[in-house]
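In what follows, a single structure is set out as structure tokens and then discussed.
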Amino acid sequence: MGQGGPLQRRRGGDGAAGGDRRRPPRPRPLRRYGQNHLVDGNVLAAIVEQAAVRPDDVVLEVGAAAGRLTRPLLERAAVVHAYEIDRRFSAALEELAAAAPNLRLHFGDALRDDLSRLSPPPTALVANLAYNIAIPLIMESILVLPSVRRWAVMVQRELGERLFAAPGSKPYAAVSVLTQAACRLERVRAVPASAFRPRPRVDSSFVTFVRRDPAETPPPPTAAQYRALDPLVRRAFAQRRKLLANSLAGSAVRDPAGRLRVLARDDIVAALARLGRPPASRPEELAPDEWLRFAVSLGAVPATGHDEAGEDGS
């Protein structure tokens, strides 16, 4: 999929009769940036509605291109931080910024930037994401942008299925655990490949989800817990067919005091037993809240006041 859709050369039926022939042709999509631009006006309207941007929102959009999604976001949000890595769109975006004082342009790679320094801090992430950055950007925004309470993202259909897959199902993966530990699904909208140019080989999904409230039961992980949980979950799912007692044995982890230690098979079996899980448990069998309790029991993730083991580690 890719960078958020560029402004189309308008034709009759796309919102303006006759079109504006003075506009330069839109840049040819580049494969290295994963650019598949959303060109279906009906789909665009539907996802803008589903994104439910509020007047007080500060929106982070990654992959603005020439601003086709940026424009309706600017009409709804207090501020839009728009990232674009492809400099060929700079003139179109700078023209838009000149007319929209609530637009903050950022040219470059969002994954290489320190998103935590954005001011004002984003409260929502709304974007048509390139396939190759979707997972790292979602994970990064959950961790380093605690101000973001809502995500509304276009992703490859397969990833959309994985984000909120049920434990034990085929799509359930590390990204499922890490997303669901922190967030709650709202809605998934199927988007056909025909809505994009160039047409991708797969269909897409527009997924909206929100950050879980700390008062929920069980509570979501704190930032410190999430940071420590991430590598443990990824290591286990990298060998998902193996028993947890085998895939994690020998792994080096840092305990809450920062000391490095190596997990023994007996440690893992004992932690599973405290969950009521058998020694032969596999990664996909544990629900996200079980993963957090398992990691705390192993001493690989700091405990909080909500955990039976100890003090608040937030």
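Just so it is clear, none of the values below were taken in a lab; they were calculated from the coordinates. Bear in mind that the values here come from a model prediction, so they are computed numbers and not experimental data. No Cβ is skipped: glycine too gets one built from the backbone with ideal geometry, and neighbour counts run over all protein chains shown.
Evaluating 6.51 cos²θ - 1.76 cosθ + 1.60 at θ = phi - 60° for every residue in segment 91-103, the Karplus couplings come out as 4, 5, 6, 5, 5, 5, 5, 5, 9, 10, x, 8, 9 Hz, glycine and proline recorded as x. Between Arg227 and Glu285, the modelled labels are 3.3 nm apart [label points 7 Å from Cα along Cα→Cβ]. Farthest toward the positive end of the dipole of the chain, out of Val301, Val202, Trp291, is the Cα of Val202, where the dipole comes from beta carbon charges about the Cα centre. Amide hydrogen proximity for Asp57: with H placed 1.01 Å from N in the peptide plane, the residues at 5 or more positions away or on another chain lying under 5 Å are Ala78.
Assign one of three labels to the chain, namely rounded, prolate or oblate, based on the Cα gyration tensor with a ≥ b ≥ c the square roots of its eigenvalues; rounded applies when a/c is under 1.5, prolate when it is not and a/b is larger than b/c, and oblate otherwise. Please report the intermediate quantities before stating the final value.
Numbers: a/c = 2.56, a/b = 2.07, b/c = 1.23.
It is prolate, given that a/c is not under 1.5 and a/b is the larger ratio.
Per-residue 3J(HN,Hα) values for segment 106-122, derived from phi via the Karplus relation 6.51 cos²θ - 1.76 cosθ + 1.60 with θ = phi - 60°, read 9, 8, x, 8, 4, 6, 9, 8, 8, 5, 5, 9, 4, 9, x, x, x Hz in sequence order (x marks Gly and Pro).
Would you calculate a helix-derived [θ] at 222 nm for the chain, using -39,500 (n - 2.57) for each DSSP H run of n ≥ 4 and dividing by the full residue count, to the nearest 500? Don't skip to the end; give the middle numbers.
Numbers: 10 runs with 96 residues, N = 314.
Taking each H run of at least 4 residues, the total per residue is -9000 deg cm²/dmol.
Put a dot 7 Å past the Cα of Lys170, heading toward its Cβ, do the same for Ala91, and the two dots end up 4.8 nm apart. Sequentially through segment 139-152, phi angles give Karplus couplings (6.51, -1.76, 1.60; θ = phi - 60°) of 4, 5, 5, 4, 7, 9, 10, x, 6, 6, 10, 9, 10, 9 Hz, Gly and Pro residues having no value and appearing as x.
Highest-first packing order for the peptide set 178-185, 120-127 is 120-127, 178-185, based on the mean count of other beta carbon atoms within 10 Å. Modelled label positions at Ala238 and Val202, each set 7 Å beyond Cα in the direction of Cβ, lie 2.2 nm from each other. Residues of segment 58-73 with an amide N closer than 20 Å to a point placed 7 Å from the Cα of Ala45 along the Cα-to-Cβ direction: 67-73.
Each of Thr217, Thr222 was scored by other Cβ atoms within 10 Å of its Cβ. Listed from fewest to most, they are Thr217, Thr222.
By the Kirkwood approach, averaging reciprocal distances over each pair of separate Cα atoms, segment 223-298 gets a hydrodynamic radius of 12.3 Å.
Multiplying the residue separation of Asn102 and Ser116 by 0.36 nm and removing their Cα-Cα distance gives an extension gain of 3.1 nm.
Below 8 Å between Cα atoms, with a sequence gap of 6+, how large is the relative contact order for the chain in percent?
Numbers: 601 pairs, mean separation 44.6, N = 314.
With pairs under 8 Å counted, the relative contact order is 14 percent.
Per-residue extension of 0.36 nm, minus the Cα-Cα distance of Arg184 and Ala215, leaves a gain of 9.8 nm for this segment. Computed about its Cα centre, the charge dipole of segment 223-298 is approximately 220 debye, with only Lys, Arg, Asp and Glu carrying charge at their Cβ. Positive-end ranking of Ala130, Ser251, Cys183 along the dipole of the chain, with charges on Cβ about the Cα centre, is headed by Ala130.
Summarising the amide proton neighbourhood of Glu186: residues at separation of 5 or more, or on other chains, whose placed amide H is nearer than 5 Å comprise Thr208, Phe209, Val210.
Between amide H atoms placed 1.01 Å from N, distances below 5 Å from Arg149 occur with Ala124, all of them 5 or more places distant or on a separate chain.
Here the calculated FRET efficiency for Arg274 and Leu143, from their Cβ-Cβ distance with R0 = 25 Å, stands at 0.40, rounded to the nearest 0.05.
Among bridges DSSP assigns within the chain, what percent are antiparallel (round to 5)? Display every interim value, and only then the final one.
Details: 20 of 37 bridges.
Taking every DSSP beta bridge with both residues in the chain, the antiparallel ones total about 55 percent.
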